[in-house]
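Written out below as structure tokens is the structure these notes cover.
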Amino acid sequence: MPEGYLIRAKQKPGFRRCGRYFSAEGTVITKTELEPALFARLKAEPMLIIEQGDFTALAEKAEVENTSPDALEEMIEVIGMLDANRDEEDWSKDGKPKVEAIEGLLNQDISAAQRNEAWKIYQTRVK
């Protein structure tokens, strides 16, 4: 898995540094995109927050964190509807609702990371 960085501005809306724009929501880039000297300059910037780790995991984290509470609640509501009907075609082998099933009822695209977050919240509410 490639390593990457999740780089966020500490204040909205964000700002430019080293020829790149960094939003408060975050920008995910691979480690190979930044030369060591450029990364050192970004790391020294007090207005940036930098997380390092697996690129895919960081991208999923940023996506989930930037999902609005209302959008997450809509996903949770749809999961409740799917759970009430329990049509096997709407559920994956790991017991989670399929992304496609949620998208079909929401009429919008979501990611597996967003589904996982909504599923986690839904499970805590129904216990």
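The values are calculated or read from the model by the stated rules, or taken from the named source; none is laboratory data. The model shown is predicted, which means the values in this text are computed figures rather than measured ones. Because the Cβ atoms are built from the backbone with ideal geometry, glycine has one as well, and the counts that use them run over all protein chains shown.
Does region 35-44 contain at least one residue that is over 22 Å from PRO2 (Cα atoms) and not in a strand (DSSP E or B)?
yes
Could you tell me whether region 36-57 includes any residue that is within 30 Å of VAL126 (Cα to Cα) and among the aliphatic types (A, V, I, L, M)?
To start, the set of residues in region 36-57 that are within 30 Å of VAL126 (Cα to Cα) comprises 56-57.
When the remaining residues are screened for being among the aliphatic types (A, V, I, L, M), the result is 57.
Yes.
I'm checking my understanding of the structure. Among residues of region 28-39 that are surrounded by 11 or more Cβ atoms within 10 Å (Cβ to Cβ) and free of Cβ contacts under 8 Å to residues at least 24 places away in the same chain, which one is farthest from GLU60 (Cα to Cα)?
Among residues in region 28-39 that are surrounded by 11 or more Cβ atoms within 10 Å (Cβ to Cβ) and free of Cβ contacts under 8 Å to residues at least 24 places away in the same chain, the one farthest from GLU60 (Cα to Cα) is LEU38.
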Inspect all residues belonging to region 53-76 and state whether any of them is in a strand (DSSP E or B) and of a type outside the set (D, E, K, R).
-> yes
Number of the exception - GLY80 against (1) in a helix (DSSP H, G or I); (2) buried (at least 17 other Cβ atoms within 10 Å of the Cβ); (3) outside the structural domain of ARG17 (by TED's automatic domain parsing) | (2)
With respect to PHE15, is the statement that it is of a type in the set (A, V, I, L, M, F, W, C), at negative phi and modelled with pLDDT under 90 true?
-> yes
So PHE22, is it assigned by TED's automatic domain parsing to the domain that holds ILE7, crowded, with 17+ Cβ neighbours inside 10 Å and not in a helix (DSSP H, G or I) | yes
Test each condition in (1) surrounded by fewer than 13 Cβ atoms within 10 Å (Cβ to Cβ); (2) in contact with a Ser or Thr (Cβ under 9 Å, 6 or more places away or on another chain) for MET75 and report the one that comes out false.
-> (1)
In region 83-127, residue farthest from the chain's Cα centre (by Cα) [restricted to those that are part of a helix (DSSP H, G or I) and β-branched (Val, Ile, Thr)] = VAL126
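Name the residues in region 91-109 that are among the acidic types (Asp, Glu), more than 15 Å from GLN123 (Cβ to Cβ) and either in contact with an Asp or Glu (Cβ under 8 Å, 6 or more places away or on another chain) or at pLDDT below 95 (or both), would you?
If we filter region 91-109 for residues that are among the acidic types (Asp, Glu), which is where we start, we get 94, 100, 103, 109.
Add one more test, that the residue is more than 15 Å from GLN123 (Cβ to Cβ), and what stays is 100, 103, 109.
Passing the criteria: GLU103, ASP109.
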